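Worksheet: one structure, shown below.
The values are calculated or read from the model by the stated rules, or taken from the named source; none is laboratory data. Being a predicted model, the structure only gives us computed values, none of them experimental. All Cβ positions, glycine included, derive from the backbone under ideal geometry; neighbour counts span all protein chains shown. Note: areas computed on protein heavy atoms with side chains; ligands, DNA, RNA excluded. Shrake-Rupley method; radii C 1.70, N 1.55, O 1.52, S 1.80 Å.
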Amino acid sequence: MEEEKIVLTLEKPEENNTAETTEKVEDEKPVKTELDMSVFSDEELKMIDDFSEKIDISDTNIIMSYGSTAQNKISDFSDKTLENMKTKDLGQIGNMIADLVTELKGFDVEEESKGFLGFFKKAGNKIDNLRVKYEKANVNVEKICGILEDNQIQLLKDIAVLDELYAKNETNKKELTMYIAAGKKKLKHAVEVELPQLKKIAQETGTTEDAQKANDYAQLVNRFEKKLHDLEMTRMVAVQMSPQIRLIQNNDTIMAEKIQSTLVNTIPLWKSQMVIALGLTHAQDAIDAEAAVDKMTNDLLKKNAEALKQGTIETAKASERSIVEIETLQQTNKALIETLDEVLKIQSEGREKRNAAEVELRKLENELKEKLLEIKNEVH
């Protein structure tokens, strides 16, 4: 944006060529507000003085259009500034940074692994899962970073544009101030010199025409004073615009710096931590594997030692024990004696039964003989 050179003009815009409305002025009030003229260079002060001499308060069109060029510049500038700002959504950038933080916090390198039998398989799966989670998170992070970079570029462009807008606003404000300064100087001369002269002439001549001229000029002075007041109000808009532009620019700068910090600090730090996490996971898996092997070896040694202890004790007991234990011999001998006693008892009982049977047989034999003899004797 090229620096615009200030030019004061009394040209009347076409749209402002309207009929004059006659107003009656009750009292003329001197200008009380003084502008700070120290902001102007000698050349600008001379320009104000020269321009003040050209102002003709008696021309109603000049009064109506006075400073309108500068006023239009302020209005157009406000519209351009609004157009530049209305599409800006810093809240969206803040939301993206919040999403990025959530993405980074959601990445967890911890994964529980239980049981020795599946330890080595789970350890390998843990590394693979960690890589997959990292790649998934990294895709989202890169996507968000790309959007943030685009917004950062736009913010930097906006900051540069705001610098130009600020300079443009300062120029517009200065130009409008020069119109006000020249107008106030002319107004002061009209109130203190020209109007008193017309009133004096009217008093001296006592004619209606001269009295009307004095009254008409007083109305024009009043209208011009009101016009200068309007310019003062417009100037205040420009005065307020400068800090507003700086506030917006400061917000853009803070957000751009925040994005820059995120891109050059947070993301690289996160990635470096992921590399460390992967390395630590490898190392921890190796340590865990070694610990698992040591535990298995120790458990195996303990079991073998216990088995060896039991085997040795049983072997010692067996070596000290007789082939046939005395208790076995005692039990066997007892059973044998009981068997012999039982055999003798059975034999004795058998003998007694045989003797009884033999007696019974002899008895039966004798009875049979007697019966036969008895029958023989009867026959003879």
When GLN203 is evaluated against the numbered criteria (1) open to solvent by 50 Å² or more (accessible area, probe 1.4 Å); (2) in contact (Cβ under 8 Å) with a residue 60 or more places away in the chain, which criterion, by number, is the only one it fails? (2)
Applying the selection to segment 138-152, what residues are open to solvent by less than 90 Å² (accessible area, probe 1.4 Å), over 14 Å from the mean Cα position of the chain (by Cα) and among the aliphatic types (A, V, I, L, M)? ILE147
Going through segment 247-271 in order, the residues found to be among the basic types (Lys, Arg) and surrounded by 14 or more Cβ atoms within 10 Å (Cβ to Cβ) are LYS258
